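A.B. asks: So that we are looking at the same thing, I have put the structure below in structure tokens.
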Ligand SMILES: Cc1ncc(COP(=O)(O)O)c(C=O)c1O
Ligand SMILES: Cc1ncc(COP(=O)(O)O)c(C=O)c1O
């Protein structure tokens, strides 16, 4: 349940971290719960639990649809926190990062939101629309409660800002390899591997790479390039979105898929 | 066949002149010929033979439709002149006034048109869009060939211009009692009677009143007011327009109608 | 221009006797009121603040590159309502108001003039009735709605072919009925005297501005001015202040229609001869007998068989060169102007652009050419889309 | 306005990390290029000759009579394209060109901003792609056609409710993909810093002209300025040069929609609270959890749940009074303005007119009131006709 411990342990084992990313409540809270349990049981090392938002500007079509479905199902931020608390009670031990667009946090109040997140059992926050320049207050409030505010770096991030981000970051760095939004892609872009190298030179913080990862081969080459782990999101949502009438029926496939990704994290040379 | 003689004779007899007005070729040249013969045989004292024009701006809906039908039937100004010549050959003796919008005359050439009109057997010309200011050349060309160019006066004609018109006029004055365009009306307007009085004071030329006359009572009151005669046009076209499939069938009604109008010209007190 | 109301042999006042008095009063009122300082002041303020004058003279780089000339556009499309028409209607509406009239009637084809009359009527406080050919009402449906929104009565004209020529005739007929209380607000430099003179005088503001602007911009007069037209009001408005400057070439572009064959064109200078219609002697499309022929062009505002007396005269004496553009050239000119300048010209205006684009032999490289951009093409949007994209 | 990019607590730069660099470059480029004499010269010429500036300040007699005030209309409807939007797009397009970008992307609701972007793109020579909510594309079909004619790619947005908010989101997403070659030409004073500052600066030409014109006309500043808005660009354009003149009352009229009840309005100052959307902290319609609520108004251009940071700040500190007009008042204001002034206002603009007409308690007799007449209503013709005449 300790983020740094989990990542440290994986690094010691020479293994990459796998963090599946799921928007909670898509298409229903009960399915999300089963999905999270499946992910935890199929090799996930950490979980990214997204709170659905009305205007997810950093997300692509798959996750936009996820958010829309979750919101139509009436899911609120409070529901997401309660669900996490429930999973903890059940015994879920993996580190969990809560993803929330900034207005959800701002609307609740920064301190209140952090407090609730901590109590529900989260280890950190990911805020897709909060660059480091705007993050000061949330960094303070999160740290005060032992939460990591995960910062992102992208191919467009300048050297100067990279320095600043690395300086403020804790837990891990979220490395966004592509220019664009979330969404499964067929190929990794060369810019991704380059970026890992650039960041690696600056910091020993774990680097988790996200956006566009959909295959074990992707995972393997990212780890080879120096990443400490991968985030896989849309590729999972894509699987159950194909059978929305009966999403549970896709859980075995998702489990296989996650296992195969996890397998790739172990193949690190 | 002499216009002044005819009108002089009627005046001597204390009788009003009746001039039916017909657009030639509506709906066909053959019908127009029969119509003109009928009019001549039912008491008409003069005939106004209109040459259909594409843009009869001084005419109302009834005569606009007449022109359109005649033009669709392919009738040309030359056809109208030929028809008149033919009627003369048949023995028609009534004075005939040719009505032509100015462009038909201008297009043919003023001298040529007057020459042809005279040869076809017309006694004069009525040009609805030619006020006295623009009439100089046509007055000359017409006079040179013994044709009257009939000038018009209306309720809006100023005293000054009335003087000038009376000065240039010959044959008779065409008194337009109403402000507007041709078309049968139910009632005479008081302005008509007034206008007759105004003009009467200035000239002893015969005054033929036109526009809107549709009933024997109209004729009677105009004559009482000092007019020398009436022009009846749309009221006749209206009768045969109701049975365009078989216009000949309306000839008896038209004959009766003209007789009744002529009757009213004799009731002059 | 010897006789009053005549331009050479053209012009005159060929109307029913019943209208002569109204025309004389109008002539008198215009000569008395128009030069007066109050009238000039009031009109000047309306032109500036309501109409949006002066309109810019825009150096069109895209068209300049294409043609090799220095192309300027005189931006009458920016006048309130979207065309030069308001220059004229504001002046006549003020005049009518001062003459004690209570109502304006007029005819319209593209709807631009009807719209401009409705606007002027509302500003000045006069009732407005607009006669419009039933076919034009269909083709320019959005302008019909605009006029109705402004409170104007739009009366469909079903006589003849239901186009502009017929609407003019019906308006003249209505005026014969109502001239004591009603002003016929003639929309172009056509009709009986004094209309052609009044309209050209009011539109000359275009050319006066243009002259000042081009002198400031280029330090000299233009080599050529190109304007589209039927009656000729936007062309004369642009040309008049340059008539004495013989080295400024003036091009008048009429609607070529589909082809210069019989009944497929509106090119009266190519296919017509002098004749009398709607009160004036002018260049006129007509058959051998003097029956007026319907004109044909996709630009409703150019779809009139007559050319006004003054432009007829200026072409006859060679001061203005009458030319034409075919429909297909016109649509292509619309496309090019949209792409190169971001401006959507009216189909009428696009005739002038099409002539410029398709006649390199008329314009030397580097010449300064001004196109009078008489109106915007919003009203023609459907027609243009259908033509260019087939839907 | 302490921090750079902040107006009080409002503003900021809440975007994906991937966009920060582009925003920093833009900020730097704007600060460097905008004040330079060449940029000012080039923009000045385009504003004058292409856009048609200065726009008139029209003393509206009909509306003055109705309200008892001296009502002036600042005629942004006369800007090329029919609204104030081009003031902004010309400036940003020039900037993008000088920054070496090859493409402009933007979002549009009423279509006015998309149109203005397409125009500016063609003038400056940049490719244009416009994101438009699928519902707005239906409602503003004629502007879609105009954009297509100008060669812009119009991309339908089907996410969310298919309206402006969703189009902004999609444009931000596309920008995240393409910011190296592409400029996001933000259409109003919203979005992350430096957009609100750039747009307000470019629109301030409205207020600078207005100030000069009213001083010349009345010899003093106005008592009040009324402007409609959502993001606030036309309002800030008009207000900015008067912010220090505390005696000039400033009214910001937002879309009241059908009623001030939940989900029937766009009145964020009445029904919202501060929140973060599309990169900035601003007054925002949202539910208790911070989910953004869709706004509702018949005016597509006001149909946005956020108020830009600067207008949010000015209302919070009391310098600007936030008010609203209901849809039914707006349609009535359209009718009145058509009849009394011959001018067809955009539905957005008619909000400002409706407020003036319906709130005599806010304006004393004889006061000088300027309404920023932000656009013409041609684009709304169908909606207006259907509403007023049921067909
Ligand atoms: C935009 C535009 N240009 C030109 C014309 C032609 O008229 P005129 O020859 O009087 O300028 C019209 C007529 O409707 C028009 O709307
Ligand atoms: C005519 C008009 N006025 C006002 C607006 C509102 O935008 P803003 O608040 O940026 O002025 C729009 C937006 O489309 C518009 O088209």
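A.B. asks: Compute the FRET efficiency between residue C:385 and residue B:12 as 1/(1 + (r/R0)^6), taking r as their Cβ-Cβ distance and R0 = 56 Å, and round to the nearest 0.05.
C.D. replies: 0.15
A.B. asks: Per the helix-only calculation at 222 nm, which mean residue ellipticity applies to chain B, given -39500 (n - 2.57) for every DSSP H run of n ≥ 4 and division by its residues, nearest 500 deg cm²/dmol? Working shown, then result.
C.D. replies: Values: 12 runs with 130 residues, N = 269.
Result for chain B: -14500 deg cm²/dmol, rounded to the nearest 500.
A.B. asks: Distances from residue B:242 to the same residue in each other copy, label points 7 Å out along Cα→Cβ, in nm, shortest first?
C.D. replies: Ordered by increasing distance: 8.1 nm.
A.B. asks: Within segment D:274-302, which residues have the backbone N less than 13 Å from the label spot 7 Å out from residue D:9 along Cα→beta-carbon, could you tell me?
C.D. replies: So the set is D:274-276, D:281-284.
A.B. asks: Rank these for me by crowding, C:349, D:201, going from fewest to most other beta carbons within 10 Å.
C.D. replies: Sorted ascending by nearby Cβ count, the order is D:201, C:349.
A.B. asks: Another question, then. Based on the Cβ-Cβ distance of residue D:288 and residue A:34, what FRET efficiency does E = 1/(1 + (r/R0)^6) give at R0 = 35 Å, to the nearest 0.05?
C.D. replies: 0.80
A.B. asks: With a point put 7 Å past each Cα toward its Cβ, work out how far residue D:65 is from residue B:187 in nm, to one decimal.
C.D. replies: Calculated label separation equals 3.3 nm.
A.B. asks: Right, next: Return the calculated 222 nm mean residue ellipticity for chain D, to the nearest 500 deg cm²/dmol, obtained by summing -39500 (n - 2.57) across DSSP H runs with n ≥ 4 and dividing by the residue count.
C.D. replies: -13000 deg cm²/dmol
A.B. asks: Go ahead and set up a Gaussian network model of chain D, Cα springs under 10 Å, then flag whichever of D:231, D:275, D:306 fluctuates most.
C.D. replies: Largest GNM mean-square fluctuation: D:275.
A.B. asks: Expected output is a single nm value to one decimal: the length gained when fully extending between residue A:88 and residue A:217, i.e. 0.36 nm times separation in residues minus the C-alpha distance. What is it?
C.D. replies: So the chain would gain 43.2 nm between residue A:88 and residue A:217.
A.B. asks: State the Cα centre-to-centre distance between segment A:218-246 and segment C:259-279 in whole Å.
C.D. replies: So the separation of the two Cα centres works out to 74 Å.
A.B. asks: Continuing with the same structure: For segment B:150-202 and segment D:296-316, what is the centre-to-centre distance using only Cα atoms, to the nearest Å?
C.D. replies: 68 Å
A.B. asks: Have a look at the DSSP beta bridges in the protein assembly as shown and tell me what percent are antiparallel, nearest 5.
C.D. replies: Values: 32 of 154 bridges.
Bridges in the protein assembly as shown that DSSP calls antiparallel: roughly 20 percent.
A.B. asks: Using R₀ = 25 Å, calculate the FRET efficiency as 1/(1 + (r/R₀)^6) where r is the Cβ-Cβ separation of residue B:168 and residue B:194; round to 0.05. Don't jump to the answer; show the numbers that get you there.
C.D. replies: Working: r = 23 Å, r/R0 = 0.91.
The pair residue B:168/residue B:194 has a calculated efficiency of 0.65.
A.B. asks: Related question: In nm, one decimal, shortest first: how far is the label point of residue B:226 (7 Å from Cα along Cα to beta carbon) from the matching points in the other copies?
C.D. replies: 11.6
A.B. asks: So, one more: Determine the shape class of chain B: with a ≥ b ≥ c the square roots of the Cα gyration tensor eigenvalues, call it rounded for a/c under 1.5, and otherwise prolate if a/b is greater than b/c, oblate otherwise.
C.D. replies: rounded
A.B. asks: Once you place label points 7 Å from the Cα toward the Cβ at residue C:245 and residue B:110, how far apart are they in nm?
C.D. replies: 4.0 nm
A.B. asks: Going 7 Å from the Cα of residue C:212 in the Cα-to-Cβ direction, what parts of segment C:77-103 have a backbone nitrogen less than 17 Å from that spot?
C.D. replies: Once the point is set 7 Å along Cα→Cβ of residue C:212, C:79, C:87 turn out to lie under 17 Å by backbone N, inside segment C:77-103.
A.B. asks: So, in nm, how far is label residue C:153 from label residue C:260 when the simple model puts each one 7 Å beyond its Cα toward the Cβ?
C.D. replies: Distance between the two pseudo-spin positions: 4.5 nm.
A.B. asks: While we're looking at this one, here's another question. Taking Cα centroids, how far is segment C:325-364 from segment C:74-98 in Å?
C.D. replies: Value for the Cα centre distance between the two parts: 24 Å.
A.B. asks: Another question about this same structure. What ranking do B:131-137, B:55-61, B:236-242 get when scored by the average of other Cβ atoms within 10 Å per residue, highest first?
C.D. replies: Order by mean packing, descending: B:55-61, B:236-242, B:131-137.
A.B. asks: If you put a point 7 Å past Cα along the Cβ direction, how far is that point for residue B:30 from the same point in each other copy, in nm, smallest first?
C.D. replies: Inter-copy label distances (nm, one decimal, shortest first): 9.1.
A.B. asks: How do the peptides C:79-86, C:19-26 rank, highest first, by the average count of neighbouring beta carbon atoms within 10 Å per residue?
C.D. replies: The packing order, highest mean first, is C:79-86, C:19-26.
A.B. asks: Determine the shielding of peptide C:287-300 by partner chains: average, over its residues, the number of Cβ atoms on other chains within 10 angstrom of each Cβ.
C.D. replies: Mean inter-chain Cβ contacts per residue within 10 Å come to 4.
A.B. asks: If the elastic network links every pair of Cα atoms under 10 Å, which of D:267, D:350, D:60 fluctuates the most in the Gaussian network model of chain D?
C.D. replies: D:60
A.B. asks: Hey, another quick one. Is there a simple number for the mean count of other chain Cβ atoms within 10 Å of the Cβ of residues in D:64-77, and what is it?
C.D. replies: Working: counts 0, 0, 0, 0, 0, 0, 0, 0, 1, 2, 0, 5, 0, 2.
Partner Cβ neighbours, averaged per residue: 1.
A.B. asks: Cut-off 10 angstrom, C-alpha nodes, Gaussian network model of chain C. Which of C:373, C:195, C:331 fluctuates the most?
C.D. replies: Most flexible of the set in this elastic network: C:331.
A.B. asks: Name the shape class, rounded, prolate or oblate, that the alpha-carbon gyration tensor gives for chain D, where a ≥ b ≥ c are the square roots of its eigenvalues, rounded holds for a/c under 1.5, and otherwise prolate holds if a/b is larger than b/c and oblate otherwise.
C.D. replies: rounded
A.B. asks: Only bridges with both residues in chain C count here: give the DSSP antiparallel percent, nearest 5.
C.D. replies: Of those bridges, close to 30 percent are antiparallel.
A.B. asks: In addition: Shape of segment D:191-270 from its Cα gyration tensor (a ≥ b ≥ c, root eigenvalues): rounded if a/c is under 1.5, otherwise prolate when a/b > b/c, or oblate? Write down the numbers at each step before the final one.
C.D. replies: Numbers: a/c = 2.91, a/b = 1.53, b/c = 1.90.
Here segment D:191-270 falls in the oblate category.
A.B. asks: Averaged across the residues of A:122-129, what count of C-beta atoms belonging to other chains lies within 10 Å of each residue's C-beta?
C.D. replies: Mean shielding count: 2.
A.B. asks: Okay, moving on. Fewest to most neighbouring Cβ within 10 Å: what's the order for A:107, A:28?
C.D. replies: Ordered by Cβ neighbours within 10 Å, fewest first: A:28, A:107.
A.B. asks: Of all beta bridges DSSP finds with both residues in chain A, what is the antiparallel percent, to the nearest 5?
C.D. replies: Bridges in chain A are about 0 percent antiparallel.
Only the coordinates and a few stated rules stand behind these numbers; no lab work does. Treat the numbers as computed from the prediction; the structure is a model and nothing was measured. All Cβ positions, glycine included, derive from the backbone under ideal geometry; neighbour counts span all protein chains shown.
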